[in-house]
């Protein structure tokens with residue numbers, strides 16, 4: 001039997017807790033980790049709070065955000081339901097800070113998240129960012145990946161008592177079966193049985 005030169009880490013779970021998300025976001029603010037902490041913080045915050053897939057965050061446009069009315073137009077992929085989400089605490093500030101820096105880049109494109117080369121961020125770049133910040137936050141044992149932020153959103157909503165149908169609509173799931181996993185993981189679901 002041949003040994004694999006790359007070590008594969010088995011994941012113990014597919015989501016992050018709110019505390020782990022906070023550690024991840026705090027790691028972004030370490031000055032030695034990134035030349036773009038304002039962009040990266042905004043990017044990962046929106047991925048978590050709105051349950052965005054990597055492709056959805058990479059395709060997000062400046063025109064999808066209305067800071068005046070504090071709404072985000074979410075265009076779901078895979079023929080799922082697109083919707084409008086309110087922007088929550090801290091999000092308008094994070095977006096405004098990134099837009100101020102982005103405006104200095106003199107871009108013609110509408111893509112919200114761009115690289116230093118003034119191109120839309122790629123899926124691979126987002127993966128690398130999440131892994132880098134995950135390691136800095138001490139979460140590397142979880143084999144962290146971007147979709148864990150989407151799962152963290154669903155898990156957090158379920159733990160806070162949100163209705164399963166509401167979570168389904170918020171995450172743009174077609175099937176309730178995709179959503180039920182979050183309520184099955186909710187640590188408080190057995191709290192008041194006795």
Inset, instruction - Quote the relative contact order of the range 18-85 in percent (integer), defining contacts as alpha-carbon pairs under 8 Å separated by 6+ residues. - result: 18
Inset, instruction - Classify the chain as rounded, prolate or oblate, taking a ≥ b ≥ c as the square roots of the eigenvalues of its Cα gyration tensor: rounded when a/c is under 1.5, otherwise prolate if a/b is larger than b/c and oblate if not. - result: oblate
Inset, instruction - With springs only between Cα atoms under 10 Å apart, run a GNM on the chain and tell me which of 23, 132, 104 wobbles the most. - result: 104
Legend entry - Relative contact order %, the range 18-185, counting alpha carbon pairs below 8 Å whose residues are six or more apart: 29
Legend entry - 222 nm mean residue ellipticity, helices alone, for the chain (DSSP H n ≥ 4; -39,500 (n - 2.57); rounded to 500): -14000 deg cm²/dmol
Legend entry - Residue-span extension gain [residue 70 to residue 125] - 0.36 nm each, minus C-alpha spacing: 17.1 nm
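Throughout, read-outs are computed from the coordinates displayed, never taken from laboratory work. Note that the structure is a prediction, hence the values are computed from the model and not measured.
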